[in-house]
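What follows is one structure encoded as structure tokens, with my remarks underneath.
The values are calculated or read from the model by the stated rules, or taken from the named source; none is laboratory data. Predicted model, so just to flag it, every value in this text is computed and none were measured. Every residue, glycine as well, gets a Cβ built from its backbone with ideal geometry; the counts of neighbours run over all protein chains shown. Areas reflect the complete protein model, heavy atoms only, side chains present, ligands, DNA and RNA absent. Shrake-Rupley method; radii C 1.70, N 1.55, O 1.52, S 1.80 Å.
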Amino acid sequence: MDVKLLESVLDKTRNVVADVRPEMYDMSTPCPDYNVRTLVNHLVAWIGIFATAAEGGTPAPDAAEAEAGGQPDEEFGQSAKRAVEALRDAPEDRQLTLMGELPAGAMASMMLMEYIGHGWDLAVATAQHPPYNDDEARAALAAAKGMLKPEYQGPDKSFGTPVPVPADAPPLDQLIGFLGRDPERARS
């Protein structure tokens, strides 16, 4: 479990959230389930859920429905710091509670995938450059390929149908395509 890599991804995602202005909230995103406002709320709520789980707690059943306050980047940053600190010295096989039990290493991998995928969605929707590097994207792609079974991908599923990308495409494009987004949206 590479907590430094996760910390870098979370810092970059916090910066993407920080550059969202209220007038952007009603804009659509590449993720069909969210507009900018609901995606920011999702990112902030879930980093709090991950932090609580990483600290050994049990997230509240309604925590995913929480709305971000007036400074979502600050909320995100505080929860991200808690999550990273809790995971820094945790054994990869330490069991955590997050909608059932899972090892700390699996949760960290899930976070990489979540925050690069949705960070990309938010960056593209708000005309920002997706900030994630090749090592981060490779790690998230490996996590996604290990976790996302075909029954989770497709129409009306948690993740879209994978979008084919060339085998020599950058790792971020490969990840975004695997998550069901068209990486070309970042270039339009």
Flag if Pro32 is assigned to a loop (DSSP other than H, G, I, E, B) and open to solvent by 40 Å² or more (accessible area, probe 1.4 Å): yes
The range 138-188: number of residues that are free of Cβ contacts under 8 Å to residues at least 12 places away in the same chain and basic (Lys, Arg): 3
Boolean, Glu151 is open to solvent by less than 40 Å² (accessible area, probe 1.4 Å), more than 24 Å from Asn35 (Cβ to Cβ) and either charged (D, E, K, R) or in a loop (DSSP other than H, G, I, E, B) (or both): no
Residues satisfying the stated conditions in the range 39-76, i.e. assigned to a helix (DSSP H, G or I), surrounded by fewer than 17 Cβ atoms within 10 Å (Cβ to Cβ) and either in contact with a Leu (Cβ under 8 Å, 6 or more places away or on another chain) or modelled with pLDDT of 95 or more (or both): Glu74
Number of positions in the range 54-76 that are under 16 Å from the mean Cα position of the chain (by Cα), in contact (Cβ under 8 Å) with a residue 40 or more places away in the chain and within 25 Å of Gly100 (Cβ to Cβ): 2
Ala127 being at pLDDT 95 or above, among the aliphatic types (A, V, I, L, M), farther than 16 Å from Ser8 by Cβ and in a loop (DSSP other than H, G, I, E, B): yes
Residue in the range 77-100 that is more than 26 Å from Asn15 (Cβ to Cβ), free of Cβ contacts under 8 Å to residues at least 40 places away in the same chain and assigned to a helix (DSSP H, G or I) present: no
Number of the exception - Ala83 against (1) surrounded by fewer than 16 Cβ atoms within 10 Å (Cβ to Cβ); (2) modelled with pLDDT of 95 or more: (1)
Exclusive hit being surrounded by fewer than 13 Cβ atoms within 10 Å (Cβ to Cβ) and not basic (Lys, Arg), set Asp26, Asp19: Asp26
Candidates Ala143, Ala169 - the one that is open to solvent by less than 30 Å² (accessible area, probe 1.4 Å), part of a helix (DSSP H, G or I) and either modelled with pLDDT of 95 or more or more than 20 Å from Val40 (Cβ to Cβ) (or both): Ala143
Among (1) in contact with a helix residue (DSSP H, G or I) (Cβ under 8 Å, 6 or more places away or on another chain); (2) assigned to a helix (DSSP H, G or I); (3) among the charged types (D, E, K, R); (4) more than 27 Å from Gln153 (Cβ to Cβ) - the single one Asp26 does not satisfy: (2)
Restricting the range 33-48 to residues that are among the β-branched types (Val, Ile, Thr) and touching a helix residue (DSSP H, G or I) at 6+ places or on another chain (Cβ under 6 Å), the residue that is farthest from Val84 (Cα to Cα): Val36
The range 114-124, residues that are farther than 15 Å from Asp173 by Cβ and either in a loop (DSSP other than H, G, I, E, B) or not hydroxyl-bearing (Ser, Thr, Tyr) (or both): Glu114, His118, Leu122
